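Chemist: Below is a structure I'd like to ask you about.
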Amino acid sequence: QVQLVESGGGLVQAGGSLRLSCAASGRTFSSAAMGWFRQAPGKEREFVAAISRSGSVRYYADSVKGRFTISRDNAEKTVYLQMNSLKPEDTAVYYCAAGVGARPRERSDYNFWGQGTQVTVSS
């Protein structure tokens, strides 16, 4: 079992930055791929970024590539999402997820989810 708790969300102006954190409990963190997803009002939850168990492979949605960076610290059982050059369309609830599937961009490959943290970008 893995429990995930996100933090770091908030209100920021367009062009600004935020760093999200996701703290995990449980012994299986280092064996799980980690992902960030987001859900805007009235929209489906969408993939943002993912990182492999070792941290050596990273995946990004086209909409955030070059602006967001995912990283992890297995010793601290924490995954991060550094978000730069934020845009109003990045406004959403951001969710951290852990999974062992082979498709890091697919929601269905993640078994554990956090409660989400709100990110609001004003224009």
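The values are calculated or read from the model by the stated rules, or taken from the named source; none is laboratory data. None of the values given here were measured: they were computed from a predicted structure. Note: ideal-geometry Cβ built from the backbone for every residue, glycine included; neighbour counts use all protein chains shown. When the accessible area is computed, the model is the full protein with side chains, heavy atoms only, and any ligands, DNA or RNA have been set aside. Shrake-Rupley method; radii C 1.70, N 1.55, O 1.52, S 1.80 Å.
Chemist: Between Ser56, Ser108, which is over 20 Å from Val2 (Cβ atoms), among the polar types (S, T, N, Q) and free of Cβ contacts under 8 Å to residues at least 24 places away in the same chain?
Modeler: Of Ser56, Ser108, the one residue that is over 20 Å from Val2 (Cβ atoms), among the polar types (S, T, N, Q) and free of Cβ contacts under 8 Å to residues at least 24 places away in the same chain is Ser56.
Chemist: Looking at segment 82-123, which of its residues are small (Gly, Ala, Ser), in a strand (DSSP E or B) and closer than 20 Å to Thr28 by Cα?
Modeler: Ala97, Ala98, Gly99
Chemist: Going by what's in this entry, would Glu89 be described as open to solvent by 60 Å² or more (accessible area, probe 1.4 Å), under 22 Å from Gly66 (Cβ atoms) and among the acidic types (Asp, Glu)?
Modeler: For Glu89, the condition - open to solvent by 60 Å² or more (accessible area, probe 1.4 Å), under 22 Å from Gly66 (Cβ atoms) and among the acidic types (Asp, Glu) - is met.
Chemist: Out of segment 64-95, which residues are in contact (Cβ under 8 Å) with a residue 24 or more places away in the chain and among the hydroxyl-bearing types (Ser, Thr, Tyr)?
Modeler: Correct list: Thr78, Tyr80, Ser85, Thr91, Tyr94, Tyr95.
Chemist: Follow-up question, since we're still on this one. Give the residue, chosen from Ser71, Ser17, Ser63, Ser56, that is small (Gly, Ala, Ser) and farther than 25 Å from Val121 by Cα.
Modeler: Working: Ser71 fails: farther than 25 Å from Val121 by Cα; Ser17 fails: farther than 25 Å from Val121 by Cα; Ser63 fails: farther than 25 Å from Val121 by Cα.
Exactly one of Ser71, Ser17, Ser63, Ser56 is small (Gly, Ala, Ser) and farther than 25 Å from Val121 by Cα, namely Ser56.
Chemist: Another question, then. For residues in segment 92-106 being surrounded by fewer than 20 Cβ atoms within 10 Å (Cβ to Cβ) and more than 12 Å from the chain's Cα centre (by Cα), which is nearest to Val12 (Cα to Cα)?
Modeler: Across segment 92-106, the extreme among qualifying residues is Glu106.
Chemist: If I filter segment 76-86 for residues that are surrounded by 20 or more Cβ atoms within 10 Å (Cβ to Cβ) and under 17 Å from Gln13 (Cα atoms), do I get at least one hit?
Modeler: Looking through segment 76-86, at least one residue is surrounded by 20 or more Cβ atoms within 10 Å (Cβ to Cβ) and under 17 Å from Gln13 (Cα atoms).
Chemist: Could you grab me the full set of residues in segment 47-75 that are surrounded by fewer than 22 Cβ atoms within 10 Å (Cβ to Cβ), under 16 Å from Asn111 (Cα atoms) and out of contact with any Lys or Arg (no Cβ under 6 Å at 6 or more places or on another chain)?
Modeler: Ser52, Arg53
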